[in-house]
1. For the range 293-307, name all the residues that are surrounded by 14 or more Cβ atoms within 10 Å (Cβ to Cβ) and of a type outside the set (A, V, I, L, M, F, W, C).
2. Could you pull out the residue among ARG63, ARG71, ARG50 that is under 29 Å from LEU168 (Cβ atoms), open to solvent by 30 Å² or more (accessible area, probe 1.4 Å), more than 13 Å from the chain's Cα centre (by Cα) and of a type in the set (Lys, Arg)?
3. So how many residues does the range 283-330 have that are of a type in the set (Lys, Arg) and closer than 20 Å to ASP237 by Cβ?
4. Would you mind finding the one in ARG156, ARG164, ARG124 that is of a type outside the set (Gly, Ala, Ser), modelled with pLDDT under 90, farther than 27 Å from ARG233 by Cβ and open to solvent by 40 Å² or more (accessible area, probe 1.4 Å)?
5. Residues of the range 208-247 being at pLDDT 75 or above and either in contact with a Lys or Arg (Cβ under 8 Å, 6 or more places away or on another chain) or outside any helix (DSSP H, G or I) (or both), which ones?
6. Any idea how many residues of the range 248-270 are assigned to a helix (DSSP H, G or I) and touching a helix residue (DSSP H, G or I) at 6+ places or on another chain (Cβ under 9 Å)?
7. Out of curiosity, is THR266 of a type in the set (Ser, Thr, Tyr) and open to solvent by 50 Å² or more (accessible area, probe 1.4 Å)?
8. Within the range 86-123, can you find the residues that are part of a strand (DSSP E or B), in contact with an Asp or Glu (Cβ under 9 Å, 6 or more places away or on another chain) and within 22 Å of ARG36 (Cβ to Cβ)?
Amino acid sequence: MIGILTVTSVDTAHLDPSERFDFWHDLVARESASARISSAHAADFTASARVVDLGTVKLSAWRYPSLDLRRTARMISSTDPELYQLALPLSGRGTVTQQERTGPLDPGGFALIDTVRPHGSSHRPVAASRLPLSTLTALIPHSALPVPHYRDGGSRIGRIPADRGMGLLLAQFLRQVVDHPEQYAPADATRLDAAALALIAGTVAAGLGAEDALPAEVRAGGLRARIEAFVRRNLDDPALGPATVAQAHHLSVRSLHRLFEGSPTTVAALIRTLRLQRCRQDLEDRRLRHLSVRDIGRRRGFSDPAHFNRVFRAAYGISPGEHRQRSDGG
């Protein structure tokens, strides 16, 4: 099945001030779960949101002034979809409450919320900051999160760190996809969805101390996602290849290749594709006109100009130099 990368962007600045808060209230109910919302800025609620629907997982970036949210037992219907929400504030401070437990809401960690249980949160700017608050969220169906006994332990789980381990990798993934959805084709949705599920499951399992209980295919998906993140970070290193990737992850090269069996790409092809994408972007960037085509290739890991020209033409049908001329309108 081919996925579709569906992106929705909204901004209340285009509305009359008297309509903005009600619009936001309806937006939250539609894209997340209905809740009672209040704000000191309700009279002129300037806010924006971007929602990226990957299929199973829905990712969102929210920007708003101070906000209080309550989802009471009376608001929860038996027909409501059973969803978990991971929320990561990128600014500000606050608290989140669920099952009579209160925890911090800040950029240091993810808050884990079950939308079919009563919960609430408060979020405020730090000190005298006039910048809007920002939060990333991921919505996942209960049935899609393969963490054994999670429903029993979920109400007891604390904040999940977002500055190390699986939490850091998940935070980086969410920001990349939500901030730059234009970098992905519609057909990428299925792969992104699988990667998001693997990272979320790994992050939640780490928070519960239950990594070993994850299904083998989920652990493998999480490892592939970590490897892809490593490749992206080290893409400009000419020495990057299957051997260095395997060594960095304490795998044999044979085990690395086995890990990617059945996936849409190999490690070598992944490295080549990502490098070519960056080269193509650089060739279109007018700020880099002082660099030669050879320099563009070299700075992105292609040390051999002839090889760079050959693989670029194979991927895009024209040479790097011709692509630069076309992007200039020539």
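1. Of everything in the range 293-307, those that are surrounded by 14 or more Cβ atoms within 10 Å (Cβ to Cβ) and of a type outside the set (A, V, I, L, M, F, W, C) turn out to be ARG294, GLY297, ARG298, ARG299, ARG300, GLY301, PRO305.
2. Numbers: ARG71 fails: open to solvent by 30 Å² or more (accessible area, probe 1.4 Å); ARG50 fails: more than 13 Å from the chain's Cα centre (by Cα).
Going through ARG63, ARG71, ARG50 in turn, just one is under 29 Å from LEU168 (Cβ atoms), open to solvent by 30 Å² or more (accessible area, probe 1.4 Å), more than 13 Å from the chain's Cα centre (by Cα) and of a type in the set (Lys, Arg): ARG63.
3. 4
4. That would be ARG156, the only listed residue that is of a type outside the set (Gly, Ala, Ser), modelled with pLDDT under 90, farther than 27 Å from ARG233 by Cβ and open to solvent by 40 Å² or more (accessible area, probe 1.4 Å).
5. Residues satisfying the conditions are ASN234, LEU235, ASP236, ASP237, PRO238, ALA239, LEU240, GLY241.
6. Just the residues of the range 248-270 that are assigned to a helix (DSSP H, G or I), to begin with: 248, 253-259, 267-270.
Filter once more, keeping what is touching a helix residue (DSSP H, G or I) at 6+ places or on another chain (Cβ under 9 Å): 248, 253-257, 259, 267-268, 270.
Residues flagged as assigned to a helix (DSSP H, G or I) and touching a helix residue (DSSP H, G or I) at 6+ places or on another chain (Cβ under 9 Å) within the range 248-270 amount to 10.
7. Yes: the conditions hold for THR266.
8. Answer for the range 86-123, where residues must be part of a strand (DSSP E or B), in contact with an Asp or Glu (Cβ under 9 Å, 6 or more places away or on another chain) and within 22 Å of ARG36 (Cβ to Cβ): PRO89, ARG93, GLY94, GLN98, ASP114, GLY120, SER121, SER122, HIS123.
The values are calculated or read from the model by the stated rules, or taken from the named source; none is laboratory data. On a predicted model such as this, the values are computed, not experimentally measured, just so you know. Please note: Cβ atoms are built from the backbone with ideal geometry, for glycine as well, and neighbour counts cover all protein chains shown. Just the protein is used for accessible areas: all its heavy atoms, side chains included, with ligands, DNA and RNA removed. Shrake-Rupley method; radii C 1.70, N 1.55, O 1.52, S 1.80 Å.
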